[in-house]
1. Between ARG45 and ALA106, what is the spin-label point distance in nm, taking each point 7 Å from the Cα along the Cα→C-beta axis?
2. Report the net charge of residues surrounding ASN26, where surrounding means a beta-carbon distance below 14 angstrom and charges are Lys +1, Arg +1, Asp -1, Glu -1.
3. Going by amide H atoms built from the backbone, whose H comes under 5 Å of the H on ILE20, apart from near neighbours?
4. Give the cross-link partners of LYS62 among the aspartates and glutamates, using a straight C-alpha distance below 18 Å as the criterion and excluding same-chain residues fewer than 8 apart.
5. What are the equivalent ellipsoid semi-axes of the range 2-106, built from the alpha-carbon gyration tensor (square roots of five times its eigenvalues), in whole angstrom, biggest first?
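Here, each number is a calculation from the coordinates, and none is a lab measurement. None of the values given here were measured: they were computed from a predicted structure. Because the Cβ atoms are built from the backbone with ideal geometry, glycine has one as well, and the counts that use them run over all protein chains shown.
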Amino acid sequence: MLAFSNTLEEELLAADTMVIGAPMHNFAISALLKAWIDQVVRGGRTVLFNPNGPQGPLAGKKELVITSRGGSYRAGTPTAQYDYQEPYLRHIMAFVGLTDATFIHAENQKPGAWRILAGSSDGSNSRGCGRANRSGRLAVTANQNGWRQIAGKQEPRFHRK
């Protein structure tokens, strides 16, 4: 088991930039991502402690985290309190020295959200972009700027922190 963990750590240490693709599961990260983190975050190897606290050998490297989420969890909204994904990833990756992180969130990906926004009570026209609602009008489209058109209103589909 340590040989596998050592291999993952070596890959991480050799990388110039860390890229994580992370779907939100139950307001947090997936079990698979958690298992990987448990293999690469190890005291004395990727987390070094000194009198000032934890220091990571990846300090100065960049991290890009791309997430997908069923809902929207932006700061200042009522649902922000349920986002355990980004705060956890920022916290745990800081232990290995990754503090220069960019998060890109693909939000409102839950099929039920499309049903509500597109006006379909049975969900038959709720999956995917570009589907027509019962009246035949296009209910949801996305443009090149990451904005989506929902029943005549524009909302950001992706946002970057």
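1. Inter-label distance under the simple model: 3.2 nm.
2. Net local charge, ASN26 excluded: +2.
3. Sorted by chain and number, the residues that satisfy this are LEU64, VAL65, ILE66.
4. List returned: GLU9, GLU10, GLU11, ASP16, GLU86, ASP100.
5. 25, 15, 13
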